[in-house]
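Q: Pasting a structure below so you can have a look.
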Amino acid sequence: MSDFTNNFWSVFVTVVTLVSIVACLLLLWFTGKARAMTATDNTTGHVWDGDLREMNNPLPRWWAWLFVLTVIFALIYLALYPGLGNYAGTLGWTSTGQHQAELDKGNAEVAPLYAKFTAMAPEAVAADPQAMAIGERLFMNNCAQCHGSDARGSKGIPNLTDTDWLHGGAPVTIKETLIKGRMGNMPPMAAAVGSPEDVRNVAQYVLSLSGSPHDSLQAALGKPKFAVCSACHGADGKGNPALGAPNLSDDIWLHGYGETAILAMINNGKVNQMPAQADKLTEAQIHVLASYVWGFSNKGLAATK
Amino acid sequence: MPPERKVIPIRPEPLAAVVGEGAPGVNGEMISLYASHETIYPRSVSGLFSRWRWAMVVLTQLVFYGLPWLEWGQRQAVLFDLGARRFYIFGLVLYPQDFIYLTGLLVISALSLFLFTAVAGRLWCGYACPQTVYTEIFLWIEKQVEGDRSARMRRDAQPLSLVWLWRKSAKHGLWLAVALWTGFTFVGYFTPVRELGRELMQASLSAWELFWTLFYGFATYGNAGFMREQVCKHMCPYARFQSAMFDRDTLIVTYDQARGEPRGGRSRKADPEALRLGACVDCSLCVQVCPTGIDIRQGLQYECIGCGACADVCDTVMDKMGYSRGLVKYTTENAMSLGWTRAQTLHHVLRPRILVYASVLGAIVVAMLVSLSLRTPFKVDVVHDRGVAARIVGAGQIENVYRMQLMNATESAQHYKLSVKGLPGLAISSEPLVSVAATQSRWVAVRVQMAPENAVPGSHPIRFEIDSLDAEGHLSERSVFLVPQP
């Protein structure tokens, strides 16, 4: 691809570069001589301040040859590498090519390491300090932006360290989450539940599931209305990992705690997305990363295996 | 103020006075500003200044060649581990964050240079500069193998012969050995030298180790064997600005023109006064010993590196002639022109310029030492988590997350206790005790919580307090705590 919008600039750069190089040589040639009083006192005959005169102290000639060498170097360089407008250079070097070569070299260097980890069970990878150091760097670069550098998430972004899993916490499930991503969908349920009063009662019932402070009368009234919720969250409200429906009885509130937050969820619903990582990370990287994330909630297990 | 105050040291005779107006050559001729280099064959010399120079050669090279072999505990005493970015100087472990000490060292070096130069001229050039030191070593080898100045000049003027070939080969072989050992030692400051020695024996030096050994060795060989005075005359920037530190009370190598002129050869028994001659016997030994090939009798010149070889050799000539020493001597321009005694000369060493240099130098040295002795043996950096501004946990507690880097600058594992100040009820909710392995740095996630009833939405300045449990030390690091809008 040309860096120039039209050929004029290519020619312009080439001409200016070559003329400058020749001009450097000419400059060296024309400034290499001076008038000096060699017969008498070996000064250049210049006098300042009445008595300050310039001695003729010639440089060694190799010094001038060094200058010529730089010109020769420049010409060889311009023949080998791109520099003269659109001319690509005989070596065919490009910055993108060099970048790709360095990437390939780096990948080739870590390939055996990743091959070793890929062959290991996730539980064993989670116990390997070297793999976990790699996992931490992968996490910091790819996951911490949402889940936080301590992996404890934030409102709407799951905490990965609390052993509460929306979709299940087995290594293979975590890997699936990473590869395909997840789409959590809580539909607006107000109409299905009934009147606004019914919705408030269901919210009180949901609070009662985890033993949070609630109005027991309202909760009792809300219990039958919870039937429409139980399709996903289960009759006991313990959720369903196959659907990604959260457990409502564990006092973990991904989208906010209290009646207001629960009402908002029932009335408005929510779509929450975990983006797929398959295009960003290699399979081996996802293997290490899944083991790293699994290790958060299985610290003791990883250590014993 | 004496009228000759304005006279500058380089003093060519006035042109017209020498040749007269209209004389041939008065308009000069066109010449090249480049000349082929003429080899200088410095004659070897002994004397007071020469002994000092050799003492400095031995001292500086004992330090340079010896230091990498010293051990400190389980490691090399002085090691600059660029790969791991840790710099070990005896008991000190420095991080790249300690760069200020290098800056301080460079400022101290520069000010020392100013001070020494203002007092006694180019002491650095004449006695301690690696260019001088290695040239001195190479010249010594050259003299042992090829003989002194006259023998070398004679041999170089003759056609090639087997003896010539053998002596030149021996000289270059020895030079290369010294140069390569110098390159090896240099690399030994950056890679453990004993390990490097093992690798050398097994011919398993890494590409960069080999490159720097050869590069530094080649530079030594080239500069001390071939370039010599050309480095000082044409390449060294320091040589050019030193004259700015000179004044008329600076000790320099000086020819006593009043006593020496008119110069001329004479018998030892002759009476110079009767012959109307000065003390200079015009033996030209001062020119022969000069490593930069100048004639000190023409006055102070920019090529003079202040080595004192001419003063040494002139003293031996004066001794032989039975004249008093010091025709070429270390003295100041004022002392020479005003005829001061030694005591008067030394009295003028203490002048404002010297006092200013010395006091600034002293202040920086003291500041450096104080700073080093009060140094906390660890460092901390706190970064507020970029992903999670703030979150609500449990029963409404407000939590912020920070990434904290703890850098252990000691050579044993350390335990640090973290606490936080700045808002009512603010506390660390993650593990407040952190251990960091010897000389390592570690990033940890730190969670800080506060109760919602005290929280005012916005950003609040807080301070992390970090106490070392094993070594003395306390650090305080600023950050902010974010409270979200309800």
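The values are calculated or read from the model by the stated rules, or taken from the named source; none is laboratory data. Fair warning: this is a prediction, and the values are worked out from it, not measured in the lab. Neighbour counts run over all protein chains shown; Cβ positions are idealised from the backbone, glycine included.
Q: What helices (runs of 4 or more DSSP H), lying completely within segment A:231-305, carry at least 1 residues that are within 20 Å of A:LEU178 (Cβ to Cβ) and touching a helix residue (DSSP H, G or I) at 6+ places or on another chain (Cβ under 8 Å)?
A: A:283-297, A:299-304
Q: Provide a single number: the residues in segment A:100-125 that are within 14 Å of A:ALA284 (Cα to Cα), surrounded by 10 or more Cβ atoms within 10 Å (Cβ to Cβ) and not β-branched (Val, Ile, Thr).
A: Selection size over segment A:100-125: 11.
Per-residue answers, yes or no, for (1) buried (at least 19 other Cβ atoms within 10 Å of the Cβ); (2) among the acidic types (Asp, Glu); (3) outside the structural domain of A:ASN268 (by TED's automatic domain parsing):
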| position | (1), (2), (3) |
| --- | --- |
| A:GLN204 | yes, no, no |
| A:SER210 | no, no, no |
| A:ASP215 | no, yes, no |
| A:ALA227 | no, no, no |
| A:CYS232 | no, no, no |
| A:ASP236 | no, yes, no |
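Q: Could you please give the count of residues in segment A:83-99 that are among the polar types (S, T, N, Q), over 30 Å from A:LEU281 (Cβ atoms) and exposed (fewer than 11 other Cβ atoms within 10 Å of the Cβ)?
A: Of the residues in segment A:83-99, 1 are among the polar types (S, T, N, Q), over 30 Å from A:LEU281 (Cβ atoms) and exposed (fewer than 11 other Cβ atoms within 10 Å of the Cβ).
Q: Mind listing just one residue for me: the one in segment A:120-162 that is closer than 19 Å to A:ASN298 by Cα, among the charged types (D, E, K, R) and more than 21 Å from the chain's Cα centre (by Cα) and, of those, modelled with the lowest pLDDT?
A: A:ASP162
Q: For A:ARG200, work out the one condition from (1) in the same structural domain as A:SER297 (by TED's automatic domain parsing); (2) among the charged types (D, E, K, R); (3) in contact with a helix residue (DSSP H, G or I) (Cβ under 7 Å, 6 or more places away or on another chain) it doesn't fulfil.
A: Here A:ARG200 meets the rest and fails (1).
Q: Turning to a different aspect of this structure: Inside segment A:106-183, counting only helices (runs of 4 or more DSSP H) that do not spill past its ends, which hold 3 or more residues that are in contact (Cβ under 8 Å) with a residue 12 or more places away in the chain?
A: The qualifying helices (runs of 4 or more DSSP H) are A:122-125, A:129-142, A:171-180.
Q: Right, next: Given the conditions (1) assigned to a loop (DSSP other than H, G, I, E, B); (2) within 14 Å of another protein chain (Cβ to nearest Cβ), and given that B:ASP381 satisfies all but one, which numbered condition is not satisfied?
A: (1)
Q: Would you be able to tell me the number of residues in segment B:297-323 that are surrounded by fewer than 20 Cβ atoms within 10 Å (Cβ to Cβ) and within 23 Å of B:GLN242 (Cα to Cα)?
A: So the answer is 5.
Matching residues to (1) closer than 24 Å to B:THR39 by Cβ; (2) in contact with a Lys or Arg (Cβ under 8 Å, 6 or more places away or on another chain); (3) aromatic (Phe, Trp, Tyr):
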residue	(1), (2), (3)
B:ALA118	no, yes, no
B:CYS125	yes, no, no
B:GLU146	yes, yes, no
B:SER161	yes, no, no
B:ARG167	yes, yes, no
B:ARG194	no, no, no
B:GLY197	no, no, no
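Q: Out of B:ARG386, B:ARG442, I need the residue that is exposed (fewer than 13 other Cβ atoms within 10 Å of the Cβ) and under 24 Å from A:CYS146 (Cα atoms). Which one?
A: After ruling out the rest, the residue left standing is B:ARG386.
Q: Moving to a separate point now. On the basis of being crowded, with 16+ Cβ neighbours inside 10 Å and more than 14 Å from chain A (Cβ to nearest Cβ), does B:VAL58 make the cut?
A: The answer is no for B:VAL58.
Q: Something else: Within segment B:32-55, which residues are surrounded by 17 or more Cβ atoms within 10 Å (Cβ to Cβ) and within 14 Å of chain A (Cβ to nearest Cβ)?
A: Matches in segment B:32-55: B:LEU33, B:TYR34, B:HIS37.
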